[in-house]
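Written out below as structure tokens is the structure these notes cover.
Read the figures in this text as sums done on the coordinates, not as results from a lab. On a predicted model such as this, the values are computed, not experimentally measured, just so you know. Glycine gets a Cβ as well: all are built from the backbone with ideal geometry, and neighbour counts include every protein chain shown.
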Amino acid sequence: MTSLAQTPWRNFIDGEWYEGASAEHILVTNPATGQPVAQVARAMPQDVDRAVGAARAAFERRAMLALSPAERGRLMFDIARELRAMTEEIAELECLDNGKTLANGRNEVALTARYLEYYGGLADKLEGRQIPLGDGVVDYTVHMPFGVSAQIVPWNGPLPVGARSVCCALITGNTVVLKSPEDSPLSLIKFAQACERAGVPRGAFNLICGYGHDTGAALAAHAGVDHIVFTGSLETGKRVLRAAAERVVPCVMELGGKSAAIVYTDADVPQAAARVARGIFTHAGQICSAASRVLVQRAVHDPFVEALVREARARRVGPGAEGADMGPLISARQLDKVEDLCRVGVAEGARLACGGERVADVAGHFMLPTVFHGVTPDMCIAREEFFGPVVVVLPFDTPEQAIALANGTDYGLAAGVFTRDLKQALWTADRLVAGQVYVNDWWVGGVETPFGGTKRSGYGREKGQEALLGYVQTKNIGIRL
Ligand code: NAD
């Protein structure tokens, strides 16, 4: 175990670093080597009580609301500054517990700081309305916080995904209990340190690290929770929603995806292949909005598949810390799942253009970049989320068929269109059922652009100004003069 093992990685509750009621630990391993890297204090349901209690007390004493909106905004800038000062350290941790490349780890810090600054700048701009009711009456609306916001994040991007929800909640006056993912909890502990150093009021932000089945479930069902933000798989999302329904707690749900890129015959085929490859092979495909399906118009199908295979083969797979282009999957369990689903694809009759199996004879959880073609929409591999570096290619003839295929899954997170014809692009974008549509690239957008799902990919929006509306409720105040 590295020197990280000596670091006490603890829960952050009520402004204190805390071991947890059970004194048990979660062993965190490096997905690139399979070796342990750190032990994190394991939060149990009793610790959920403690964290929710601290957040509740902070909300009752108006820990965030007592600050002016401008002061709350400045606090976000201060957290961003503290975080940026730890860039190299956090980037290294992202390689160690998450399997990211160093460049990706650095980007995650820069992105998180951007979220904090973006929402810090918006803290004093969330305005209510004055509603005219005639003589003798004044009526206006205010945005009220919910109270204690429980937030649960997955392992693939814990820092930006966690921090963006935390800052939306804090600037709108809520307090937070965040459960970090058990597989990759380290960067969020650094985020808690940044919050502590920046002077976030005691109890306003609490971080616990525990497993989902006990601690996550206890948090989602806790009587002291007023609002839930869940990012993770569809199946876990449904469990969280059942718990929330019992207490009629509002939720923001960011779930899975099987997002389709549509490539028309007039597209720049090599460029489309390069951009789809980035959309699926970044972080080994462990991104909810990955470009995991490609629908290609028949005339350019074969050249597109060839170009995509060239892109896949050009990627160096290995430990992010050693400068590889594509790192490992998070765990042996995830690698087994992705490889098994590839076997199902072969058994279903799909053709493997490249990959389809793990990198042999290495200790880490590395999967080869994989391209399937000859795929039909009824196959499991065309419908189920791999959450790995696997893309399936399906041919189509008419734009109407492309739309039917793209919209023909349970999910509806992202979609893309590649064409030189603007009219075709807009016609297609109008008909795609997805929370975001990219034209001639993948991931066109930024912290400023609303992000979220349709259908089983969830509801509510993160990112952009729109996200703030998911953290407040409107109160109308009518005054008879
Ligand atoms: P997961 O659902 O297994 O776990 C997500 C989180 O939920 C973890 O912190 C886990 O500990 C917790 N959890 C597990 N069981 C729980 C329970 N019963 N009650 C409460 N919490 C529980 O998901 P994962 O495998 O870690 O992440 C991958 C999934 O996340 C994929 O489906 C991916 O598409 C999705 N995702 C979505 C977005 C988005 O913004 N839409 C972003 C990233 C990941």
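See the values below:
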item: Mean Cβ count within 10 Å, highest first, over the residues of peptides 409-415, 424-430; result: 409-415, 424-430
item: Ranking of V296, V200 by count of other Cβ atoms within 10 Å, fewest first; result: V200, V296
item: J(HN,Hα) series, region 206-219, from Karplus relation 6.51 cos²θ - 1.76 cosθ + 1.60, nearest Hz, glycine and proline x; result: 10, 10, 10, 10, x, 7, x, 5, 9, 6, x, 5, 5, 5
item: Lysines whose Cα lies under 20 Å from that of K455, excluding same-chain neighbours fewer than 8 positions away; result: K238, K258, K463
item: Reachable lysines from K475, criterion Cα separation under 20 angstrom, eight or more residues apart if same chain; result: K125
item: Taking region 260-447 and dividing mean pair separation by its residue count, relative contact order in percent (alpha carbons under 8 Å, at least six apart); result: 27 percent
item: Residue among V305, V417, Q271 farthest towards the positive dipole end of region 260-447, charges placed on Cβ; result: Q271
item: Only Lys, Arg (+1) and Asp, Glu (-1) charged, at Cβ; region 19-176 dipole about Cα centre in debye; result: 200 debye
item: Relative packing of 352-365, 435-448, which averages over residues the other C-beta atoms within 10 Å, highest first; result: 435-448, 352-365
item: Amide hydrogen neighbours beyond the local backbone of L394, cut-off 5 Å, H modeled; result: V294, L295, V296
item: Cα-centred dipole magnitude for the chain, charges only on beta-carbon of K, R (+1) and D, E (-1), debye, nearest 20; result: 600 debye
item: Packing-based order for 217-229, 68-80, using average beta carbon neighbours within 10 Å, highest first; result: 217-229, 68-80
item: Amide proton proximity set for S289, modelled H, under 5 Å, gap of 5+; result: none
item: Within the chain, helix-based [θ] at 222 nm, where runs of 4 or more DSSP H residues each add -39,500 (n - 2.57), nearest 500; result: -11500 deg cm²/dmol
